[in-house]
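No value in this document is a laboratory result; all are computed from the given coordinates. Given the structure is predicted, the values throughout are model-derived calculations rather than measurements. Positions of Cβ are backbone-derived with ideal geometry, glycine not excepted, and every protein chain shown enters the neighbour counts.
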Amino acid sequence: MQRGSARLKVVVIGVGYLGATHAACMAELGFEVLGVDVDAEKVASLNQGRLPFYEPGLDTLLLQHVEGGEGSTGRLKFTASYEEAGRFGDLFFLCVNTPQLAGEFSADLRHLDAAVEALVPHLDRPCLVVGKSTVPVGTADRVAERIAAAAPAGAAAELAWNPEFLRESFAVQDTLHPDRLVAGVRSERAERLLREVYATPIAEGVPFLATDFATAELVKTAANSFLATKISFINAMAEMCESAGADVVRLSEALSYDERIGGKFLHAGLGFGGGCLPKDIRAFVARAGELGVGQALTFLREVDSINTRRRSRMVEMAREQCGALRGLRVAVLGASFKPDSDDIRDSPALDVAGQLQRQGAQVTVYDPKAMDNARKAYPALDYARSPLEAAEGARLVLHLTEWAQFRELDPAELGAVVAERHILDGRNVLDAAAWRAAGWTYRSMGRS
Ligand code: UDX
């Protein structure tokens, strides 16, 4: 175990958005890395240097390090075998997803438990298992007990909890240069190993906080809850602005100059989606209830309902603009939950598109990267190959995910193909004056 950092061997279990990024970044930091996943197709694709999803910069990083690639370092490979992983690793990062349990608020820990059960029989020498997945507080204690009870190396196989704070679409940057590193540890050895694996960012000045397990778990859910609250706060102000005849964009700008408030995550619009914020705040509420402190987090229920209310408000705005939805031709620009991602999990854009379609509208969607994922999840919607094709014959255009491509659209060119020039900007980023000058009725959220 006393190896130099360049010789520490790293296993990453679960190679989705989080794990694939972590694996490639660990290779970039100089380690030999083995990624593990139960999805054989994903493993094969990654071994060929093909990323099975879109994340800016990660495709290049993968090619730079994957074994067998031309000119690659060969430090990175992938397998479906836990046995191979057990033989290979000194550090085992758990990066499996913890989605929302169907029909409930709590997190589904099935993938995490399955990964631990598959891994422990192979932990037959001193090693460190490092949890990165977002989990309900108390999970690390449970996983540590399981490792102590079932790993052949017994107490020599140890657990640490090191939550991940990366944002999709900035995942590589956030992993290589995080804002902070949090390590829930129970021994000096565990802390030393984590400091060793993160030596490069630590040398750059990234703060490293060693804590107990529960604090490390809570930092992640607290951070996501704060971010979600900030977005819902400004969206609640948008509701006020809409009825009081004020402008939430100017309001947000004015608030942002107060350093105690700051302007980040203060953009009003259709609200948050994705694989993290919505399910993390719900799981946090559920866990607080289990711990008997449900009242402490009731505000997060309100944060959640302000957020979902924005989606129904957008449907209502469509009706206000065009009357009956039945038979209405609508063009939807955007399907991913945020720009520069193909992730459609809990996407506000697709939720709105789906609601409109279920209420009788004829909806055509365009997204620069998320078309395949959207098609699979929402087969009843129509899909177009460009914004212009989506807009052809439309009586209403909805801008629902703020891709740069949509900001650059020419209102006159789009105006030439639509049936009526009405646009609703769900993200408050289009140039209202330019659209109005081209003869469009332009409306957005939180501005009268
Ligand atoms: C989030 C956290 O930011 C990250 O730290 C954590 O590790 C995982 O969850 P991510 O899900 O990638 O990351 O998305 P993020 O950039 O946080 O955006 C979340 C959602 O909020 C998006 O749908 C975005 O459009 C929306 N959003 C963001 C707003 O509506 N307004 C804002 O001001 C900011």
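Key figures
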{"item": "Total formal charge among the other residues, if their Cβ is under 14 angstrom from that of Thr175, Lys/Arg +1 and Asp/Glu -1", "result": "-4"}
{"item": "Net charge of Cβ neighbours under 13 Å - reference His422; Lys, Arg +1; Asp, Glu -1", "result": "+3"}
{"item": "Packing rank of 230-243, 126-139, where each peptide gets the mean count of other beta carbons within 10 Å, highest leading", "result": "126-139, 230-243"}
{"item": "Gly30 long-range amide H proximity, modeled H, under 5 Å", "result": "none"}
{"item": "Cross-link table Lys9/Lys279; Lys9/Lys42; Lys132/Lys338, entries beyond 26 Å C-alpha to C-alpha", "result": "Lys9/Lys279"}
{"item": "25 °C / 0.890 mPa s Stokes-Einstein diffusion coefficient of the stretch 266-409, Kirkwood radius on C-alpha pairs, µm²/s", "result": "154"}
{"item": "Potential extension, Asp179-Asp39 segment - 0.36 nm per residue separation minus Cα distance", "result": "47.3 nm"}
{"item": "Net dipole in debye of the stretch 1-128 [+1 Lys, Arg Cβ; -1 Asp, Glu Cβ; about Cα centre; nearest 20]", "result": "440"}
{"item": "Sorted peptide list for 84-97, 422-435, criterion being average Cβ within 10 angstrom, highest first", "result": "84-97, 422-435"}
{"item": "Dipole of the stretch 9-211, positive direction: furthest Cα of Ala190, Thr73, Phe92, with charges on the beta-carbon", "result": "Ala190"}
{"item": "Built amide H within the under 5 Å cut-off of Val36, gap 5+", "result": "Val12, Ile13, Gly14, Thr79"}
{"item": "Full-extension gain in nm, Glu316 to Val293, via 0.36 nm per residue minus C-alpha separation", "result": "4.7 nm"}
{"item": "Cα lying deepest toward the dipole's positive end in the stretch 315-448, options Ala434, Ser336, Ser444, charges on Cβ", "result": "Ser444"}
{"item": "The chain - mean residue ellipticity at 222 nm from DSSP helices (-39,500 (n - 2.57) per run, n ≥ 4, rounded to 500)", "result": "-13000 deg cm²/dmol"}
{"item": "The stretch 9-211, dipole about Cα centre (Lys/Arg Cβ +1, Asp/Glu Cβ -1), debye to the nearest 20", "result": "340"}
{"item": "Summed side-chain charge close to Gly184 - residues other than Gly184 whose Cβ falls under 12 Å, Lys, Arg +1, Asp, Glu -1", "result": "-2"}
{"item": "Relative compactness, the chain, computed as alpha-carbon Rg over 2.2 N^0.38 Å", "result": "1.05"}
{"item": "Debye, to nearest 20: dipole size of the stretch 213-448, +1 on Lys, Arg Cβ, -1 on Asp, Glu Cβ", "result": "480"}
{"item": "For the stretch 179-189, Karplus couplings with θ = phi - 60° (6.51, -1.76, 1.60), whole Hz, Gly/Pro x", "result": "5, 7, 10, 10, 10, x, 9, 10, 8, 5, 4"}
{"item": "Most to least packed among 391-404, 215-228 [average Cβ atoms within 10 Å]", "result": "391-404, 215-228"}
{"item": "Antiparallel bridge percentage (DSSP; both residues within the chain; nearest 5)", "result": "5"}
{"item": "3J(HN,Hα) from dihedral phi, the stretch 394-399, Karplus parametrisation 6.51/-1.76/1.60, rounded to Hz, x for glycine, proline", "result": "6, 9, 8, 10, 10, 9"}
{"item": "Segment Val417-Leu101, extension gain: residue separation times 0.36 nm, minus the distance between their alpha carbons", "result": "109.4 nm"}
{"item": "Label-point separation in nm, Ala437 to Glu191, each point 7 Å along Cα→Cβ", "result": "6.0"}
{"item": "Amide H contacts under 5 Å for Val130, placed H, 5+ residues apart", "result": "Phe92, Phe93, Leu94, Ala160"}
{"item": "Kirkwood hydrodynamic radius over Cα pairs of the stretch 350-446, then Stokes diffusion coefficient at 4 °C and 1.567 mPa s, in µm²/s", "result": "95"}
{"item": "Label-to-label distance, nm, for residues given as Ala80 and Ala155 (7 Å Cα→Cβ offset)", "result": "3.9"}
{"item": "Separation of the Ala222 and Glu145 label points, Cα + 7 Å toward Cβ, nm", "result": "2.5"}
{"item": "Among Gly360, Thr200, Ala296 the positive-end extreme of the charge dipole of the chain (Cβ point charges)", "result": "Gly360"}
